[in-house]
1. Do you know which residues across the range 153-179 are farther than 12 Å from D134 by Cβ, within 15 Å of the ligand (Cβ to nearest atom) and small (G, A, S)?
2. Here is a list: A70, A18. Which entry is of a type in the set (G, A, S), buried (at least 20 other Cβ atoms within 10 Å of the Cβ) and more than 16 Å from the ligand (Cβ to nearest atom)?
3. Condition first: touching a residue at least 40 places away in the same chain (Cβ under 8 Å), assigned to a helix (DSSP H, G or I) and within 16 Å of the ligand (Cβ to nearest atom). Now tell me which residues in the range 103-152 satisfy that.
4. Any idea which of (1) assigned to a helix (DSSP H, G or I); (2) surrounded by 19 or more Cβ atoms within 10 Å (Cβ to Cβ) is the one I82 doesn't satisfy?
5. Output the residue which, of all residues in the range 42-61 that are over 14 Å from I82 (Cα atoms) and not aliphatic (A, V, I, L, M), is surrounded by the fewest Cβ atoms within 10 Å (Cβ to Cβ).
6. Filter the range 186-218 down to the residues that are of a type in the set (S, T, N, Q) and within 40 Å of the chain's Cα centre (by Cα), then identify the one that is nearest to V32 (Cα to Cα).
7. Could you please tell me which pairs satisfy a Cβ distance under 8 Å, a separation of 6+ or placement on different chains, a first residue in the range 183-195 that is assigned to a helix (DSSP H, G or I) and near the ligand (Cβ under 10 Å from one of its atoms), and a second residue that is small (G, A, S) and at pLDDT 95 or above?
8. Mind listing just one residue for me: the one in the range 74-126 that is of a type in the set (K, R) and within 19 Å of the chain's Cα centre (by Cα) and, of those, nearest to V25 (Cα to Cα)?
Amino acid sequence: MKFFVDTADVAEIKQLAASGLLDGVTTNPSLVAKSGRPMREVIAEICALVRGPVSAEVAATDYDGMLTEAHVLREIARNVTIKVPLTPDGLRACRRLADDGTMVNVTLCFSPAQALLAAKAGATFVSPFVGRLDDIGEHGMGLIADIMTIFRQYPYLKTEVLVASVRSPMHVVEAAKLGAHVATLPPAVLRQLFNHPLTDKGLAAFLADWKKAGLSIA
Ligand code: G3P
């Protein structure tokens with residue numbers, strides 16, 4: 001499973017990239033707005049920090065506007081992935097960009113039917129939002145299961161399922177069990193993956209015994 005981080009906070013990305021576990025970055029208009037920085041500037045800095053795909057979302061909602069913005073964004077760096085909403089204009093733009101060889105992440109996916117449309121439109125990634133479905137009492141991970149079942153029936157579909165709107169390590173584990181290709185994680189959730197109290201307890205015990213024995217390696 002590939003791990004992307006879902007943020008436009010460059011300091012967070014820099015720190016997490018140092019772990020060697022980061023395969024890409026996703027942003028969205030809300031995350032870029034939160035960064036307080038110009039879009040092209042922050043995307044350029046992120047693309048220089050992470051070699052993998054960096055999703056940059058268009059703000060236009062019409063086909064022509066999306067293509068205009070996509071052409072600006074993809075000039076920033078080779079690893080820019082254009083993010084478009086799962087709308088008729090968004091999928092039409094996806095098809096055109098995919099035909100040009102541009103990576104496209106189709107976002108705001110909330111149903112298996114939508115995911116199938118994104119795949120038919122040639123999306124590189126489709127982003128089902130599990131947390132936002134959970135938030136309204138629907139089964140977010142059930143959507144991932146349905147999408148993976150459908151995609152497995154058609155091996156010629158190359159679209160990767162990029163699990164988004166992740167709220168906890170359990171979302172990551174369940175998505176991995178289902179064979180989802182990518183999970184994009186808020187920085188805090190990515191850090192939570194490391195944590196287990198028995199790891200901390202066990203390490204403390206090892207170090208205490210080592211110190212008590214007065215041992216050294218170097
Ligand atoms: O950036 C796409 C998605 O991961 C955002 O999800 O629900 O945390 O805003 P959310």
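1. A164, A175 - these are the residues of the range 153-179 that are farther than 12 Å from D134 by Cβ, within 15 Å of the ligand (Cβ to nearest atom) and small (G, A, S).
2. Working: A18 fails: buried (at least 20 other Cβ atoms within 10 Å of the Cβ).
Unique residue meeting the criteria: A70.
3. A115, A118, V130, G131
4. (1) is the only condition that I82 fails.
5. Residue satisfying both the conditions and the ranking: R51.
6. Of all residues in the range 186-218, those of a type in the set (S, T, N, Q) come to 192, 195, 199, 216.
Right, trim to within 40 Å of the chain's Cα centre (by Cα) and you get 192, 195, 199.
Numbers: Q192: 23, N195: 28, T199: 36 Å.
Only one residue tops the list, namely Q192.
7. V189/S168
8. Residues of the range 74-126 of a type in the set (K, R): 74, 78, 83, 92, 95-96, 120.
Imposing the further condition that a residue be within 19 Å of the chain's Cα centre (by Cα) reduces the set to 74, 78, 83.
Working: R74: 15, R78: 14, K83: 12 Å.
Checking each candidate, the answer is K83.
The values are calculated or read from the model by the stated rules, or taken from the named source; none is laboratory data. Please read these numbers as outputs of a predicted model, since none were measured by experiment. Ideal geometry is used to build each Cβ from the backbone, glycine not excepted, and the neighbour counts take in all protein chains shown.
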